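Q: Here you go, one structure.
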Amino acid sequence: MPRLAFSCQHCQGTGRLPDETCQSCFGIGHGIILGGYLVYWQKNLTKEEFFLDHFSLVVRLTIRLVAFLLALSGILYAVFKALLDISVGRTFVFFNLPLEDGAESLFFWVSIMAIFYIYSGLERDLANLKRIPSRVYEDEVRPQSEAASFDSRHRLNIADTLAPDVRSVLADAFVLAEKLQQPLGAIHLLFVLLRHASVRTVLARLGVNPAELGGKAGRLTALNSPAGPNDLETIFFQAYVRAYGDRQKNIDPVDLFAAVGTVDPRSREVLYDAGVDEQKIDNVLAWHLSVKRQYEQWRHWRIGSRHRPRNRLDRAMTAIATPTLDYYSQDITELAQWGMFLPTVSRGEMVDRVVRIFQGGRSAVLVGYPGVGKRGVIEELAERLAADDVPAILKDKRLVSVSIAKIVSGATPADAEARLLKLLDEVAYSGNIVLVIEEIQGAVGITSGQAGSVDMAAVLAKTLRQRRTLCLATTTPDDYKRVIERTVLSSLFERLNLDEPSINETIQIVESRVGRIEAKHRVYFSYDAIARLVELSAKYIHDRFLPQKSLSILDELALFTKEHRGQDIIMTVNDVDLFMSQKLGVPLSRVNKNEAELLLHLEDRLHERIVDQETAVTAVAEALRRARAEVRDQKRPIANLMFLGPTGVGKTELAKAVAAVYFGEQNKMVRLDMTEYQELASLSRLIGSAEGGSAARGILTEAVRSNPFALVLLDEIEKAHVDVINVFLQVMDDGRLTDSRGQTTDFTNVILIATSNAGTSFIQEAVRSHMPMPEIERQLMESELKHHFQPEFLNRFDNIIVFRPLTTEHVLDITRLMLRKVGERLAEQGVTISVSDEVIKELATLGFDPLFGARPLRRVIQEKVDSPIARLILEGRLERRDQIILESAGKLTVKKAERL
């Protein structure tokens, strides 16, 4: 908001000359110019000043108490007199009381005077308590060199705008400072403010214990290095600027609390220690203000509804009747007048721009995606029109939303055009209407009835041009480019792009909406819970826009928390994490003891399924530990890994093991056989096609969108088309991928593993020649892999891991793993299997091929073990508790169990 510093040049901002008060600035010295007023602070913070204020307050309250007792006695006496007269059969006449002789008449008049004294006292209090001026649209007063340039009507002492509660806080802080024999400082203000109900409510939302915070502030008062008078002035100036910006009537304790926490370094440190920074204070104060405004709206509606006229009235007494317009529209200003809208947050600047465009005589179109707050701008403008908080050109205007669908419903093109023309004529003749057309693209080329179509846009454009009618429209960026930009409407409307609000703005918007949900479910949101919800919805929900994607799950979150923890509780970050984890399928809650054990010993769990390949297993385990400890780059996938090596050495098996052990189930793996993407045309299968229905959606993007916490395996990546490989550059770098429909898919909770057989011959030859693994990896990167992949693709991997060819010992261990799985399957049927080391060696020899690694071993196990077992089961020769003895490859005997 525009504000200018003022400092008197004659007294150098002190307010005094050597022997007298400066007459040029009337003792003001310095201040700020804000909203057309010279705002200054002038109050003596001395013992005598506070004593006089306190003494004056005590005297006033004592006199008012006596007056109240006299007034109450008079009322009670009148009631007693009436009951007495009725009991003896006389008619009681109230107006006879002042006419009676003696003490009764005197008592009556004294009680009447007491009532008038109380009323006049309240009037004097209101007169002495000056309101903060409303924000204005006129140009700010330019810098002045003399305070005399501002007459008394445009000079405002901040001390006169302090609410009674703030005056009490100031007095109590001074008493505390006097008790400690210290000058009044900011820390004394903070200590007293922490006991105020409204400040404690703010702290409760922040999840801060006021008693604990008060203890820290109390300890600081004992070590107080007092703030100077200028520091205290700065605090009150800051509180005034905040209250002015929030359109408040007076400075309340919450404004002062925010100013103390912002200006004073020691108070700021006390709040920082409790996890409260300046941004949190700003957001929670916006929440506090929103709740207060909603209560004022409700109270205004309750009082105003009793006097609401039965018939619809035009706001301007000079306006003509608009029956056609009324039938096809809704008066948004009237809804705002009766408090039907929730407060709009963070769209004030956009409303200001709309107002300036209207001042220039042009219409405006809000261009933004669904859910970013276009309707909020309209409602905020309606609120300002209803409150006359607009420039003169817009005062006494109605904001009326026209329904194009209703105009064309059941009408021929000629009828629809006639309705629109009649409606626009009424708007033009009325002279006090601003049209609102939401989704204006619907007015272009509308088919109406059976006879053809009518272009409402041409009719509307002609009226707007000829009669200078103001209009506010809305549309989406795609529809503006596809429809509006090609019509005459684009030259008549000033385009205003409405972007998604920031995370901080969204937090404030959500805060303004939770009140009704809290009342409905009796579950109360903490600030940290709201901030976490906004953060997670912004990160993980990509098919909607802020703030809608946060607002849309508020009710569901409150109900979930109520079911898990009951009513009348304060929602925490853990509640939000648990809800979002279940909703999104992504682990967000804190690492519990069981998961910590799994992560710390992940290598051991993986080695239960994988033989050797220590480098690969360690790399994957370390990546998962970094991800859950949140010490990784949150804008990239959990890990980008490439597994190189001959076929059959365990590259794909390790990926399956990670999916099964950590992700919980093997189907958490999205496996893409890249041999299917050797042609450029296959790219549409991966990310979808811009045309077609659900069948045209991308295999990869849809799989990750529906299961964002998963492992993506790109098997044999070297066989994919180069343009298909280039698609993954964005995924590996930014953690996101945009499909053919423009939707973004989040890959930041994905482990991306690409397997490749590139350089297999070189690896096998190098291992046989006993070349060290670091040297093998260096030569692969410098020569072999460059024949298959571009350098920019290789550089995006966190680790390129070379799998060693299998040795005989490795194959024996793999054979044991496979036979253990056979035993686990048989155990489900109550059968056991026994295999000797000699048989394991026989199977390993049969299943190992130096060219294909351990891949043939699976077929050998199926042929020599699984198939004979299946035959035994089908022949009925195998029963529960029997034992199978594998004597050699393909030769089984059954040891029958003893009968029970």
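Q: Looking at the structure I just gave you, is residue 753 crowded, with 21+ Cβ neighbours inside 10 Å and outside the structural domain of residue 658 (by TED's automatic domain parsing)? Lay out the reasoning, then the answer.
A: Values: crowded, with 21+ Cβ neighbours inside 10 Å: yes; outside the structural domain of residue 658 (by TED's automatic domain parsing): no.
So residue 753 fails the test.
Q: Residue by residue through segment 484-495, note down the ones that are farther than 19 Å from residue 351 by Cα and either within 32 Å of the chain's Cα centre (by Cα) or modelled with pLDDT of 85 or more (or both).
A: Within segment 484-495, 484 is the sole residue that qualifies.
Q: Let me ask something else about it. So if I check each of 337, 297, which one is at pLDDT below 75, buried (at least 18 other Cβ atoms within 10 Å of the Cβ) and either in the same structural domain as residue 385 (by TED's automatic domain parsing) or not small (Gly, Ala, Ser) (or both)? Working first, answer last.
A: Working: 337 fails: at pLDDT below 75.
297 is the lone residue from the list that is at pLDDT below 75, buried (at least 18 other Cβ atoms within 10 Å of the Cβ) and either in the same structural domain as residue 385 (by TED's automatic domain parsing) or not small (Gly, Ala, Ser) (or both).
Q: If you don't mind, there's one more thing I want to ask. In this structure, is residue 523 in contact (Cβ under 8 Å) with a residue 12 or more places away in the chain, crowded, with 19+ Cβ neighbours inside 10 Å and under 23 Å from residue 348 (Cα atoms)? Break it down into steps so the answer makes sense when it comes.
A: Values: in contact (Cβ under 8 Å) with a residue 12 or more places away in the chain: yes; crowded, with 19+ Cβ neighbours inside 10 Å: yes; under 23 Å from residue 348 (Cα atoms): no.
No, not satisfied.
Q: If I filter segment 386-394 for residues that are at pLDDT 80 or above and in contact with a Leu (Cβ under 7 Å, 6 or more places away or on another chain), do I get at least one hit?
A: yes
Q: Quick check on residue 638: is it crowded, with 23+ Cβ neighbours inside 10 Å and free of Cβ contacts under 8 Å to residues at least 60 places away in the same chain?
A: Values: crowded, with 23+ Cβ neighbours inside 10 Å: yes; free of Cβ contacts under 8 Å to residues at least 60 places away in the same chain: no.
Answer is no for this residue.
Q: Restricting segment 829-854 to residues that are crowded, with 20+ Cβ neighbours inside 10 Å and out of contact with any helix residue (DSSP H, G or I) (no Cβ under 8 Å at 6 or more places or on another chain), which is modelled with the lowest pLDDT?
A: Taking the candidates together, the pick is 853.
Q: Sticking with this structure for a sec: Which one of the conditions (1) among the small types (Gly, Ala, Ser); (2) within 24 Å of the chain's Cα centre (by Cα); (3) modelled with pLDDT under 80 does residue 204 fail to meet, given that it meets all the rest?
A: If we test residue 204 against (1) among the small types (Gly, Ala, Ser); (2) within 24 Å of the chain's Cα centre (by Cα); (3) modelled with pLDDT under 80, just (3) comes out false.
Q: Do we have any residue at all in segment 626-637 that's among the β-branched types (Val, Ile, Thr) and modelled with pLDDT of 80 or more?
A: The initial filter retains those residues of segment 626-637 that are among the β-branched types (Val, Ile, Thr), namely 631.
Retained after the next criterion (residues that are modelled with pLDDT of 80 or more): none.
No, that holds for no residue.
Q: Starting from residues that are exposed (fewer than 13 other Cβ atoms within 10 Å of the Cβ) and at pLDDT 75 or above, keep the ones in segment 62-76 and report whichever is nearest to residue 111 (Cα to Cα). Outline the logic, then answer.
A: Step one: of segment 62-76, the residues exposed (fewer than 13 other Cβ atoms within 10 Å of the Cβ) are 62, 65-66, 69, 75-76.
So of that shortlist, the ones also at pLDDT 75 or above come out as 62, 65-66, 69, 76.
Details: 62: 16, 65: 13, 66: 10, 69: 9, 76: 11 Å.
Residue satisfying both the conditions and the ranking: 69.
Q: What are the pairs with Cβ atoms under 9 angstrom where one residue, in segment 754-779, is touching a residue at least 24 places away in the same chain (Cβ under 8 Å) and under 25 Å from residue 711 (Cα atoms) and the other, located anywhere, is surrounded by 14 or more Cβ atoms within 10 Å (Cβ to Cβ) and among the polar types (S, T, N, Q)? Sequence gap at least six, or different chains.
A: Sorted first by the residue in segment 754-779, then by its partner, the pairs are 754/640; 755/652; 757/647; 759/779; 760/647.
Q: I would also like to ask the following. Quick one: count up the residues across segment 508-526 that are of a type in the set (S, T, N, Q) and outside any helix (DSSP H, G or I).
A: First, the residues of segment 508-526 that are of a type in the set (S, T, N, Q): 508, 512, 526.
Within this subset, residues satisfying the condition of being outside any helix (DSSP H, G or I) are 512, 526.
Matching residues across segment 508-526 total 2.
Q: Out of all the residues in segment 704-721, which are over 18 Å from residue 643 (Cα atoms) and either touching a Leu at 6+ places or on another chain (Cβ under 9 Å) or among the basic types (Lys, Arg) (or both)?
A: Our first condition is that a residue be over 18 Å from residue 643 (Cα atoms); within segment 704-721, this holds for 704-709, 721.
Those that are over 18 Å from residue 643 (Cα atoms) and either touching a Leu at 6+ places or on another chain (Cβ under 9 Å) or among the basic types (Lys, Arg) (or both): 704, 705, 708, 709, 721.
Q: When residues of segment 392-434 are filtered for being without any contact (Cβ under 8 Å) to a residue 60 or more places away in the chain and closer than 18 Å to residue 466 by Cβ, how many remain?
A: Just the residues of segment 392-434 that are without any contact (Cβ under 8 Å) to a residue 60 or more places away in the chain, to begin with: 392-395, 404-405, 408-418, 420-421, 424-425, 428.
Now drop any that are not closer than 18 Å to residue 466 by Cβ, which leaves 417-418, 420-421, 424-425, 428.
Of the residues in segment 392-434, 7 are without any contact (Cβ under 8 Å) to a residue 60 or more places away in the chain and closer than 18 Å to residue 466 by Cβ.
The values are calculated or read from the model by the stated rules, or taken from the named source; none is laboratory data. Just so you know, these numbers come straight off a predicted model, no measurement behind them. Quick reminder, even Gly has a Cβ in these numbers, built from the backbone with ideal geometry, and neighbours come from all protein chains shown.
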